[in-house]
Every structure is written in C-alpha cells, then in structure tokens.
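Accompanying notes for the structure given below.
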Amino acid sequence: MITNMVSRESLQKIKKDVDGYIGQRICVKADSGRNKCEYKEGILTSTYSSTFNVVDENTARNMNYSYTDLLTNKVELTLPNGESIAGYDYSVICHSKF
C-alpha cells in the first residue's frame with residue numbers, strides 16, 4: 001500500500017514563505033468546489049503552525065486558510081500586481097511511504 005504524506009518540514013517551509021508577507025495586501029483565490037472559485041483581497045495578518053489569517057478590509061471578516069490548501073492548490077495567493085506568492089507542486093513535496 002502506498003500513501004502520500006506531506007512532511008512537517010514541508011509545511012514549515014510553506015509557513016516560512018508566507019511569513020514574509022505578513023502585513024501586506026494579498027489576493028486569495030479559493031476553490032469552493034464544483035468549478036467555482038471565490039476571489040478575496042485583504043491583509044495577511046498572522047500565521048500559525050498550520051493556518052494563516054487574512055482580514056478583508058471592506059468587511060473586517062477574518063478568513064483562515066491552511067498551508068495544506070496552498071500545497072494542494074485549493075487556495076492560491078498573489079500580490080495585487082499579479083505576482084504569485086506561493087506556488088507549490090504537491091507531487092514534489094509529497095513523500096511516498098510503503
């Protein structure tokens with residue numbers, strides 16, 4: 001039986017990458033299923049061990065996302081100028097175990 005597992009080190013690397021954008025305005029594209037996406041813009045306010053927070057300035061709504069969502073491309077982060085913040089390839093970061 002083969003299972004794919006993401007190492008803790010991989011998620012820590014992603015967190016470290018996201019940490020560099022704390023306090024900056026970012027755009028979030030989140031896959032909401034059935035070929036639908038939500039587009040939000042806000043300020044990256046904080047990061048935690050497995051999640052990060054973005055606050056929508058217009059509604060003051062706090063949005064939480066996980067690093068695993070970034071890894072599996074369920075969530076994509078970009079700067080307002082279109083530059084990608086975090087682009088990860090799940091097949092490279094994933095480790096196979098037997």
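The values are calculated or read from the model by the stated rules, or taken from the named source; none is laboratory data. For clarity, every value in this text was computed on a predicted model and none was experimentally measured. Please note: Cβ atoms are built from the backbone with ideal geometry, for glycine as well, and neighbour counts cover all protein chains shown.
Selection of first residues in region 69-89 that are under 17 Å from GLY33 (Cα atoms) and in a loop (DSSP other than H, G, I, E, B) and of second residues that are at pLDDT 90 or above and among the acidic types (Asp, Glu), restricted to Cβ pairs under 6 Å at least 6 apart or on distinct chains, gives the following pairs, ordered by first then second residue: LYS74/ASP31.
Of all residues in region 24-37, those that are loosely packed, with under 15 Cβ neighbours inside 10 Å and more than 18 Å from ASN81 (Cα to Cα) total 6.
If only one of SER46, SER32 is among the polar types (S, T, N, Q) and at pLDDT 90 or above, which one is it? Steps first, please.
Details: SER32 fails: at pLDDT 90 or above.
Sole residue among the options that is among the polar types (S, T, N, Q) and at pLDDT 90 or above: SER46.
Scanning region 38-60 for residues that are in contact with a Cys (Cβ under 8 Å, 6 or more places away or on another chain), surrounded by fewer than 15 Cβ atoms within 10 Å (Cβ to Cβ) and either assigned to a helix (DSSP H, G or I) or not hydroxyl-bearing (Ser, Thr, Tyr) (or both) yields a single hit, GLU41.
With outside any strand (DSSP E or B) and either β-branched (Val, Ile, Thr) or surrounded by 17 or more Cβ atoms within 10 Å (Cβ to Cβ) (or both) as the only criterion, which of TYR65, TYR21 stands out? Steps first, answer last, please.
Details: TYR65 fails: outside any strand (DSSP E or B).
After applying the criteria, what remains is TYR21.
Of everything listed in (1) loosely packed, with under 10 Cβ neighbours inside 10 Å; (2) touching a helix residue (DSSP H, G or I) at 6+ places or on another chain (Cβ under 8 Å); (3) of a type in the set (Gly, Ala, Ser), the single unmet condition for SER7 is (1).
Do any residues in region 1-25 that are under 14 Å from TYR48 (Cα atoms) have Cβ atoms under 6 Å from those of residues that are of a type in the set (A, V, I, L, M, F, W, C) and modelled with pLDDT of 95 or more, where the two are at least six apart or on different chains, and which pairs are they? Cβ pairs passing all conditions: VAL18/PHE52; TYR21/LEU44; ILE22/LEU44.
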